[in-house]
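Just so it is clear, none of the values below were taken in a lab; they were calculated from the coordinates. Here the structure is a predicted model, which is why all the values come from computation and not from measurement. Note that each Cβ is placed from the backbone with ideal geometry, even for glycine, and that neighbours are counted across all protein chains shown.
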Amino acid sequence: MKIAVCVSHVPDTAAKISIGPDGKNIDPDGVTFVVNPYDEFAIEEALKTREKSGGEVIILSVGSDANKESIRKALAMGADSAVLLKDDSWRDSVAVAGALADEIKNIGAELVFFGKQSVDYDNSIVGQLTAEILGFNCVSVVVSLDINDGKIRAEREIEGGKEVVETSLPAVITAQKGLNEPRYASLKGIMAAKKKTIEEKPAATYENLSEVTEMKRPQVKQPGKIIGTDASAVPELVRLLKEEAKVI
Amino acid sequence: MKFKTDNSEIQDFLNDASNFKGTCEGVYFPQNEADIIEILKDANRKNLQVTVSGNGTGLNGGRVPEGGIVISTNNLNRVIEINEEQKYAVVETGVLLSEFHTMIEQKGLFYPPDPTEQNCFLGATVANNSSGAKSFKYGPTRDYVEELDVILPTGDKFTIKRGEISADGFVLKLTTDSGDDIVIQLPRYRMPDTKNSAGYYCKAGMDAIDLFIGSEGTLGIITRVKLKLIDKPENILSCVVFFSDENDALNFIAGAVDLSVNNDDSPDQINALGLEYFDKYSLRFMKEEYPQIPAHAGAAVWFEQEINDYTEEILLDKWVELLSEHNADIETAWIATNDKDREKFKDFRHAVSSKVTEYITREGIRKIGTDTAVPKDQFPEYYNFITKLVEENNIKYIVYGHAGDSHLHLNMMPVNQNEYDLARNIYHRLCEKAVEMKGTVSAEHGIGKLKRNYLKLMYSDENLKAMAKVKRTLDPNLILNIGNIIDPEILKEV
């Protein structure tokens, strides 16, 4: 069975983000990019599935040459091969999903893993859109997965609990934290990854259905103030909570 | 300037990361150098004991007061200058090391000293000559200090620049900013030829700045430091490798140390930044949090080396060859592919010590941990000696640390008072053995107030008195950080 894992290359969550001069993009200067953290759960689950049932794990990524760093990491974790669907321009979720769906059809993958969301734009819809375009079943925000003879039993996180879903292949699974503990890239894996070539082809053309018109920083939090450090400050604190903060 | 005396506000200043707890009358929060001068002048007049406090991460009670007042350095936390062209930074004493690292690296520069605990103040790392995993290649904090502003216990100030004042033999002459001359007679002991933070740094013809670095605050208060920076390495290879047999791991480290120290600076030859060791008990401690640790692992080594696009493949091959010679498990070895992974490996190393702390807190027991180092050729014998002695006495322990520097932390976790007493005796014996092998009782944690007795194993009474005389010359009324390094009884005698 061919298993595809769709990987995005995103700013490290610890990076300090500033908005670029056009006001529509982030300024990438000095920002470290990493594999989208949720995609690491997706890669791990694909590798575990291959270890259990055999098959081949193929990494797919839409974007520029910079994405190769994250693709290499996925290969070093143990993926078999990778395709970079090249496009240097910005794509919305629909255009990304379209390009991925075309390639998934092309390679004939029956099982596709995504992270439940990319931590750059946080749209949380590329997996579902891809499944829709392909006509695959889809289970999102999965925290436990069992696949046997083409039957899938998945647990997904829902508000205040878990939902158990059964479906069948072909399917798209989007991974949530807790699904597994991603392995580190291994020394052997990185030696093997050096010898693997990343196939590059232009991403299929799909029209963006949305555009970013403006990026804004969240409002700066007002600094706190210390009214006092002992009991004598209590009356003033109560007054401020009543009159200024209006919470009591 | 704030002076706090309320118990709830000063209790954070009464202990450090050891379990040692002290008392004080109150804590000053100076904003600048002038405030510190004022406090010291006043204390010196009144013969009032002063203890200087960093961020409380020390392990030997160095900042724990035994009466008197405390000076907090929390508010002296400005980064005054970062000079990217000439590669230096000038900082106040209370700048947090972790924040400094981030700030420097964003500018493409690098500050090599990397104590495992990064939540410490830069001035304190100078006072303690702190070191870490990468000190194997880059050396300790001392190697990066170019200039210091020091306020003496008398309130006099002077600025010392590296290369400006050297001792004439064992006599050091200093002039304060107000023009007073001070003549210091240095002790004549020979320091161990290992990584060392036990006692004052003393050598014939030494640079004056080196006396203050590592003096644990006993000679003056550091208010401002100029630190040397280097270019940020293009990339760093970082691996955690597992071995079934601990001897293989130790032999691998010995092989990598030899290749690294004999490296003629060729970028495509093995040249480790650090070689950190974890024994099987350390790995067992970590297994719950790191399920990726292979089940068969009997030991692990974390190593790092600078690489670039050209050397990466060549060096990977060389490391794999060396690892294979020593039966490492290449299949399961972890490798970092980006900065984030590298941080995770650093956290893995830090997790050993924090897991021990969590465990002893949960079980309500006290740990006894070594900080000894021995010369490289003695290391295998010393390792066997220490592990055998603890095993024979059936005391629960783990051992990990900077094996590249022949410097390990063996932590004993005695479960009752009998075992605790036994562990104390064993600890004494481990220190004695290190000294017999011409090593040190403290390679990086310093002496503080808790390890003074072990310093006595290294230096004769005469040498300890010579150290006390240095202190007394600069602190005639004996007010500053009393109890650190030198026994107060000896201070009174000289």
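For a paramagnetic label modelled on A:LYS16 (point 7 Å from Cα along Cα→Cβ), amide N atoms under 12 Å away belong, within region B:70-99, to B:99. Please figure out what share of the DSSP beta bridges in the protein assembly as shown is antiparallel and state it in percent, rounded to the nearest 5. Counting only bridges with both partners in the protein assembly as shown, antiparallel ones make up about 70 percent.
The DSSP beta bridges internal to region B:2-72 are antiparallel in roughly 35% of cases.
Across region B:368-494, counting alpha-carbon atoms alone, Rg and Dmax equal 16.2, 48 Å. For region B:2-72, the Kirkwood estimate of the hydrodynamic radius, built from every pair of different alpha carbons, is 12.2 Å. Within region A:158-232, the GluC sites (Glu not before Pro) that combine a DSSP coil assignment with at most 15 other C-beta atoms in a 10 angstrom radius are A:GLU159, A:GLU207, A:GLU211, A:GLU214.
Three semi-axes describe the equivalent ellipsoid of region A:2-202; taken as square roots of 5 times the Cα gyration tensor eigenvalues and ordered largest first, they are 25, 20, 17 Å. Each listed q (0.08, 0.11 Å⁻¹) maps to a log10 I(q)/I(0) for region B:235-436 from the Debye sum over equal C-alpha point scatterers, namely -0.28, -0.52.
Seen from a random direction on average, the alpha-carbon convex hull of region B:335-420 projects onto 6.9 square nanometres.
Given B:SER406, B:ALA43, B:SER130, which one lies farthest toward the positive end of the charge dipole of chain B, if we put +1 on the Cβ of every Lys and Arg and -1 on the Cβ of every Asp and Glu? Projecting each Cα onto the dipole axis, the largest value belongs to B:ALA43. Rounded to the nearest 20, the size of the Cβ-charge dipole of region B:2-72 about its Cα centre is 140 debye, with Lys and Arg at +1 and Asp and Glu at -1. Considering the dipole of the protein assembly as shown built from charges on the beta carbon (Lys and Arg +1, Asp and Glu -1) around the Cα centre, which of B:GLY205, A:ALA192, A:TYR121 is farthest to its positive end? So the residue furthest toward the plus end is B:GLY205. Toward the positive end of the charge dipole of region B:79-231, with +1 on the Cβ of Lys and Arg and -1 on the Cβ of Asp and Glu, the farthest Cα among B:LEU148, B:LEU186, B:VAL225 is that of B:LEU186. Treating chain B as a set of equal point scatterers at the Cα positions, no solvent, please give the Debye-formula log₁₀ I(q)/I(0) at q = 0.07, 0.10, 0.12 Å⁻¹. Listed by q, the Debye log ratios stand at -0.37, -0.77, -1.12. Counting only lysines at least 8 places from B:LYS87 when in the same chain, those with an alpha carbon closer than 24 Å to its own are A:LYS16, B:LYS107, B:LYS134, B:LYS137, B:LYS161, B:LYS226, B:LYS228, B:LYS232. The mean sequence distance of close C-alpha pairs (under 8 Å, at least 6 residues apart), as a share of the length of region B:79-231, puts its relative contact order at 30 percent. Simple point charges give the picture: +1 on the Cβ of Lys and Arg, -1 on the Cβ of Asp and Glu, and for the protein assembly as shown a dipole about the Cα centre of about 1860 debye.
Listed by chain and number, the lysines whose alpha-carbon sits under 23 Å from that of B:LYS41, ignoring those within fewer than 8 places in the same chain, are B:LYS2, B:LYS4, B:LYS157, B:LYS173, B:LYS469, B:LYS471, B:LYS492.
For chain B, leaving out every one of the chymotrypsin sites (Phe, Trp or Tyr not before Pro) that falls in a DSSP loop and has at most 16 other Cβ atoms within 10 Å, the longest unbroken run is B:311-494. Shielding by partners for peptide B:336-346, expressed as the average number of C-beta atoms from other protein chains within 10 Å of each residue's C-beta, is 5. Only the Cβ atoms of Lys and Arg (+1) and of Asp and Glu (-1) were treated as charged; on that basis the dipole of region B:1-158 about its Cα centre amounts to roughly 300 debye.
The calculated pair-distance distribution of the protein assembly as shown uses every alpha carbon pair, bins of 10 angstrom beginning at 0, and gives 3, 12, 20, 21, 19, 14, 8, 3, 0 percent. Bridging of A:LYS2 to aspartates and glutamates at a Cα separation below 18 Å is possible for A:ASP39, A:GLU44, A:GLU45, A:GLU51, A:GLU56, A:ASP80, A:ASP102, A:GLU103, A:GLU110, A:ASP146, A:ASP149, A:GLU199, once same-chain residues fewer than 8 apart are set aside. Close Lys pairs in region B:353-420 (alpha-carbon distance under 15 Å; sequence gap of 8 or more, or different chains): 4.
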